[in-house]
Structure formats: C-alpha cells, structure tokens
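Beneath this line is the structure, given in structure tokens, with notes to follow.
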Amino acid sequence: MNKEKISFIAVGIMSGTSVDGLDLALCRFKKVDGDWSFEILKTKTLSYSGTEWPQKLAGAETADGYKLMELHRDFGRFTGEAAKDFLEEIKAEY
C-alpha cells in the first residue's frame, strides 16, 4: 500500500490587535493519507516596546491613502527582516 506523505515547514507571522509585538512561529505541517497534523518547532516574540510601531500601527485607522501605503511598505520591510533574522538564528537547528 502506497501512503501519501507530504511535509513542509513554514514561518507564521502575526501582529495582533494589542499592538504589543510581532510573533513568529516555525511550524512543521504533515499530511499522511489525507490527515493533516502540525508541530510548533520554535517561537519568538519581538516586543514593540521602545519603538514607534505602536503609534504608527494605531494611527493606521485614520491615515490617508499615502500614509497607509507608507505604513504598509515599512511594516512589510520590518516583518520581512524579522523573519529573515528569526530563520538565521535557528537555521542550524532545522
């Protein structure tokens, strides 16, 4: 009997509504014979304390289109760098 097996690792990134930090999680997903499972391998939270991110993110609700696009760009760069740094820190483990 040939069992179907799929496995991959992904990084999840979340900044919640509390605007206190950026959460990163390295997870392994597996599918065996149609059944999915997951395992959280490593996590990290980057605090926004002492940064300008809480004010910038809280201001998104009333920002004009131009400021919103700047925020989108800047936060995208921030999260991309955070993911890159997270993966660099743990690359020897996985």
Å² of accessible area per residue within the chain, as computed with a 1.4 Å probe and no ligands counted = 73 Å²
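Rounded to the nearest 0.05, what FRET efficiency do residue 25 and residue 70 have when you use their Cβ-Cβ distance and R0 = 41 Å? Walk me through the numbers before you get to the answer.
Details: r = 28 Å, r/R0 = 0.67.
Step by step, r from the Cβ atoms, then E = 0.90.
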Cα-based reach from residue 3 at 19 Å (exclusive), listing lysines while leaving out same-chain residues under 8 positions away = 30, 31
remark   = Taking a ≥ b ≥ c as the square roots of the Cα gyration tensor eigenvalues, with a/c under 1.5 meaning rounded and otherwise prolate when a/b beats b/c or oblate if not, the chain comes out prolate
request  = Please tell me the relative contact order of segment 1-46 in percent, rounded to the nearest whole number, where contacts are Cα pairs under 8 Å and at least six residues apart.
outcome  = 37 percent
request  = Run the numbers on the chain and let me know its relative contact order in percent, using alpha-carbon pairs under 8 Å that are six or more apart.
outcome  = 22 percent
Percent accessible area from carbon and sulfur atoms, segment 30-87, protein chains only, probe 1.4 Å = 55 percent
ask   = Whole-Hz Karplus ³J(HN,Hα) for segment 9-25, in order, using 6.51 cos²θ - 1.76 cosθ + 1.60 and θ = phi - 60°, x for Gly and Pro?
value = 10, 9, 9, x, 10, 9, 10, x, 5, 6, 6, 9, x, 10, 9, 10, 9
ask   = In nm, to one decimal, how far is the residue 35 label point from the residue 47 one, both placed 7 Å along Cα→Cβ?
value = 4.2 nm
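The values are calculated or read from the model by the stated rules, or taken from the named source; none is laboratory data. Nothing here was measured: the structure is a model prediction, and the numbers come from that model. Cβ atoms come from the backbone with ideal geometry, glycine included; neighbour counts cover every protein chain shown. Please note that ligands, DNA and RNA were not included when accessible areas were found on the heavy atoms of the full protein model with its side chains. Shrake-Rupley method; radii C 1.70, N 1.55, O 1.52, S 1.80 Å.
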